[in-house]
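The values are calculated or read from the model by the stated rules, or taken from the named source; none is laboratory data. Note that this is a predicted model, so its numbers are computed, not measured. Quick reminder, even Gly has a Cβ in these numbers, built from the backbone with ideal geometry, and neighbours come from all protein chains shown.
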Amino acid sequence: MMRNSLRLFWVLNCMMIVICTFAVHAHAADIRQQISAASTIEQIYKRGKIRVGMDVFVPYAMKDKNNELIGFEIDVAKQLAKDMGVEIEFVPTKWSGIIPALVANKFDVIIGGMSVTPKRNLKINFTNPYYYTSQGLLANRKMTEGFTITDFNSPDVSIAARLGSTAAVAAKENFPKAKLRLFDDEPAAVQEVKNGRVHAMVGGQPLPFNMAADSPATLAAFDDQLLKEPISFGIRKGDVDTLNFFNNWIEIAKSKGTIDKLYDYWFKSTEWKSLIE
């Protein structure tokens, strides 16, 4: 009798273990489904539109003669939307506030020439880099005649950069003794150099080279590479599915030569200038 009772006890125990195991797995599956459904990539598909945060600066994103957005990052984002089979909405945002706007869900992703830094990475996640850029120096030719790159590191020199950008970081690191003036956008910084209110500005290439080529009598670009940076998409934290999708898309686009083709057009040629002049 006791043997039968023990057998029944063990059978019931095993049944309870099996039931609990199934319940745990079912609960885990529900959690995974909830997380997946809440991911940005799923929301984009349900909405049928991807919202892209960006700021306006040449030649990454700018307005053409018809007041339409064009540029390298614009084309990258459009290709992404096309491959996803969704529409695209660009959300112009001041650079200094673009990360808080992403965190606040004002848009789905930052595609705007954003370089990866540890400080930024504490607030948002980054994809794999889709290209690399560098910071260069654009100077007022008359004010800096005879200057070498080291001459800019002086208390008597003023240098402009865009607020919240890695250009500002590069300016501080390379010219710690100079006076740093920060502006909301790069066109304002360029204008300060042209007007002789600052000696130079630090900005992402090819802006310094392009500006100097447009105004050779007024502006000069230095060949020195101040900072090489990986450029990535920015997304909100805790979204593995979205990060996985964007990383895979970047690798596919790079392997097909899509990114290189766009980069060559916007950064190595001046054909696009006819679209804005």
**Message:** Can you tell me how many residues within the stretch 235-264 are of a type in the set (Ser, Thr, Tyr), in contact (Cβ under 8 Å) with a residue 12 or more places away in the chain and either surrounded by fewer than 18 Cβ atoms within 10 Å (Cβ to Cβ) or farther than 22 Å from Ala101 by Cα (or both)?
**Reply:** 2
**Request:** Return a yes/no flag: does the stretch 58-79 have any residue that is in contact (Cβ under 8 Å) with a residue 12 or more places away in the chain, among the hydroxyl-bearing types (Ser, Thr, Tyr) and not in a loop (DSSP other than H, G, I, E, B).
**Result:** no
**Request:** Mind listing whichever residues of the stretch 80-97 are in a helix (DSSP H, G or I) and touching a Lys or Arg at 6+ places or on another chain (Cβ under 9 Å)?
**Result:** Ala81, Trp95, Ser96
**Request:** Return yes when Val56 is hydrophobic (A, V, I, L, M, F, W, C), within 15 Å of the chain's Cα centre (by Cα), under 17 Å from Ile231 (Cβ atoms) and at pLDDT below 95 and no when it is not.
**Result:** yes
**Asked** In this structure, does Val86 turn out to be among the hydrophobic types (A, V, I, L, M, F, W, C) and at pLDDT below 95?
**Response** no
**Message:** Quick check on my filter: what residues within the stretch 218-239 are touching a Gly at 6+ places or on another chain (Cβ under 7 Å) and more than 19 Å from Thr133 (Cα to Cα)?
**Reply:** none
**Request:** With the checklist (1) outside the structural domain of Tyr60 (by TED's automatic domain parsing); (2) over 17 Å from the mean Cα position of the chain (by Cα) in hand, flag the one item Glu271 doesn't pass.
**Result:** (1)
